[in-house]
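Structure first, commentary second.
The values are calculated or read from the model by the stated rules, or taken from the named source; none is laboratory data. Computed from a predicted model, the values in this text were never measured in an experiment. Note: ideal-geometry Cβ built from the backbone for every residue, glycine included; neighbour counts use all protein chains shown.
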Amino acid sequence: MTSGKNSASLWQHIPADIHRRLHHCLDQVVTELSHGDGSIVFFRADDVAVPGRKLARLVDIFGKHQVPLTLAVVPAWLTETRWRRLLELCSKDHSLWCWMQHGWRHLNHEPQGSKLEFGPSRSFSLKRKDLQTGFRRLNRLMGDAFTPAFTPPWNRCDSETLNALQELGYQALSRNLGAQPPAPAAVTEYPVSVDLHTRKEKDGESGWQNFFKELRESLGNGFCGIMIHHQRMNNAAFDFLELLLSELKQHNFARLVHLGTLLREGYLKGKGRVVER
């Protein structure tokens, strides 16, 4: 299978032995975990708001396998019509879906360097206003379905933004594992550590090797957040996702949840951050 121009190199071709390699990776995790230990696994799909064929296919796969999914929604992209359509796509089992906030407009405001929507080039008042506007918009459109959690575009934001999250009533944050600066104590962080679709390797085999390393280490650490970008997925990426969900469900060490469940259960609340061991 070939990939689209925005797909990472590993999706240009799925190796013939991919099932064996995935099974071996998960078996290694079972061996490395302490007796009786398991691993929390959550999937976070970014850049959500516009219902389309790829998003529908993504939701269908998670529904088929009965695996919870956290959907990070860009508030400025969401309308009442689009929200109704998203609810229709996710109508099979409402308990599977968690809806959280992903930035405000998903725009880069930095003139140079790394991309940030909530970075040092903007005033605190503007960043706070965008956070609050996005929060209120999703709360108005989604009602009780909205989880007061935030993930910044490109998984990056500055300390002023983090302080504003606490002030505005956000309860959770999701960035890359080890992201800095640290979140305020009142905002529990649930990081992602495995990237499926925005990888930068130039050749597919390097991508697969790094992916399996990330997956094995994250699962072995006891907490594994997996990041999805449905707009970058091709048939190969969808096929592998089905295989990954199936294999994770067959391995009893993996507890598959969404961010809303972790927040309701108070997982990690007051215990600091997930760290690499």
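Yes or no, residue by residue, for (1) touching a residue at least 40 places away in the same chain (Cβ under 8 Å); (2) within 21 Å of the chain's Cα centre (by Cα); (3) over 27 Å from D239 (Cβ atoms):
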| residue | (1), (2), (3) |
| --- | --- |
| P75 | yes, yes, yes |
| E80 | yes, no, yes |
| H106 | yes, yes, yes |
| Q112 | no, no, yes |
Every pair of residues 6+ apart whose Cβ atoms lie under 7 Å, when the first sits in region 52-67 and is farther than 19 Å from R82 by Cβ while the second is modelled with pLDDT of 95 or more and among the hydroxyl-bearing types (S, T, Y): H65/S246
Filter region 139-169 for residues that are of a type in the set (S, T, Y) and within 17 Å of the chain's Cα centre (by Cα); the one that is farthest from I228 (Cα to Cα) is T147
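So that you can scan it fast, the table gives a plain yes or no per residue for (1) part of a helix (DSSP H, G or I); (2) surrounded by 18 or more Cβ atoms within 10 Å (Cβ to Cβ); (3) touching a strand residue (DSSP E or B) at 6+ places or on another chain (Cβ under 6 Å):
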residue: R44; (1), (2), (3): no, yes, yes
residue: R57; (1), (2), (3): yes, no, no
residue: K64; (1), (2), (3): yes, no, no
residue: E88; (1), (2), (3): yes, no, no
residue: S91; (1), (2), (3): no, no, no
residue: W104; (1), (2), (3): no, yes, no
residue: N108; (1), (2), (3): no, no, no
residue: K115; (1), (2), (3): no, no, no
residue: G119; (1), (2), (3): no, yes, no
Taking T151, is it crowded, with 18+ Cβ neighbours inside 10 Å, of a type in the set (S, T, N, Q) and at pLDDT 95 or above? yes
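Per-residue answers, yes or no, for (1) under 18 Å from D195 (Cα atoms); (2) at pLDDT 95 or above; (3) under 18 Å from the mean Cα position of the chain (by Cα):
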position	(1), (2), (3)
T2	no, no, no
Q12	yes, no, no
Q28	no, no, no
K64	no, yes, no
Of everything in region 154-185 that's polar (S, T, N, Q) and either part of a loop (DSSP other than H, G, I, E, B) or without any contact (Cβ under 8 Å) to a residue 12 or more places away in the chain (or both), which residue is surrounded by the fewest Cβ atoms within 10 Å (Cβ to Cβ)? Q180
Go through (1) exposed (fewer than 15 other Cβ atoms within 10 Å of the Cβ); (2) within 19 Å of the chain's Cα centre (by Cα) and name the single condition R136 misses. (2)
